[in-house]
């Protein structure tokens, strides 16, 4: 995986972000572009909540964080189930191949 795909590079650097009008300075292995994309995503989620009636930006930020965390947990759960299903299917294929392959005695 390249740095562009993961947003990471081998060295730690300082990245400055502006989020909801606040400037944050972070130390991270992620590229500045990747961190900016995360901040933009979060701001869009906050803006969506604000347009639906949540006026306090910090309340909207907390709600957006909870919503994004919920998505992450659901994706992890789905990924675990898919990995388990793939493992079972591979096991079934191995069993079929073992039955179909003559043994050399």
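All of the numbers you see were taken from the coordinates with simple rules; none came from a lab. These numbers were taken from a predicted model, which means no experiment stands behind them. Every residue, glycine among them, receives a Cβ derived from its backbone with ideal geometry; neighbour counts consider all protein chains shown.
Annotation: the residues 29, 11, 98, sorted from fewest to most other C-beta atoms within 10 Å of their own C-beta, follow the order 11, 98, 29. Based on C-alpha pairs under 8 angstrom that are at least 6 apart in sequence, the chain has a relative contact order of 16 percent.
When shorter helices are ignored and each DSSP H run of at least 4 residues is given -39500 (n - 2.57), the per-residue value for the chain at 222 nm works out to -22500 deg cm²/dmol.
Using Cα atoms only, what is the angle between the long axis of helix 57-100 and the major principal axis of the chain, expressed in degrees (0 to 90) to the nearest 10? Roughly 10 degrees between the two axes. A simple spin-label model places pseudo-atoms 7 Å from Cα toward Cβ; at residue 65 and residue 12 they are separated by 2.2 nm. Computing FRET efficiency as 1/(1 + (r/R0)^6) for residue 28 and residue 90, where r is the C-beta to C-beta distance and R0 is 41 Å, gives about 0.65. Structure remark: mean-square fluctuation, Gaussian network model of the chain, C-alpha springs under 10 Å; the largest value among 82, 15, 46 belongs to 82. Angle of helix 32-51 to the longest C-alpha principal axis of the chain, folded into 0 to 90 degrees and rounded to 10: 70°.
Taking the Cα atoms of the range 3-100, the ratio Rg/Rh between the radius of gyration and the Kirkwood radius comes to 1.22. Here each label is just a point 7 Å from Cα along the line to Cβ, and for residue 36 and residue 58 those points are 2.8 nm apart. Residues in the range 66-81 near a label at residue 48, defined as backbone nitrogen under 11 Å from the 7 Å Cα→Cβ point? From the range 66-81, the list is 67-68, 71.
Remark: 58, 34 ranked as 58, 34, counting other beta-carbon atoms within 10 Å and listing the fewest first.
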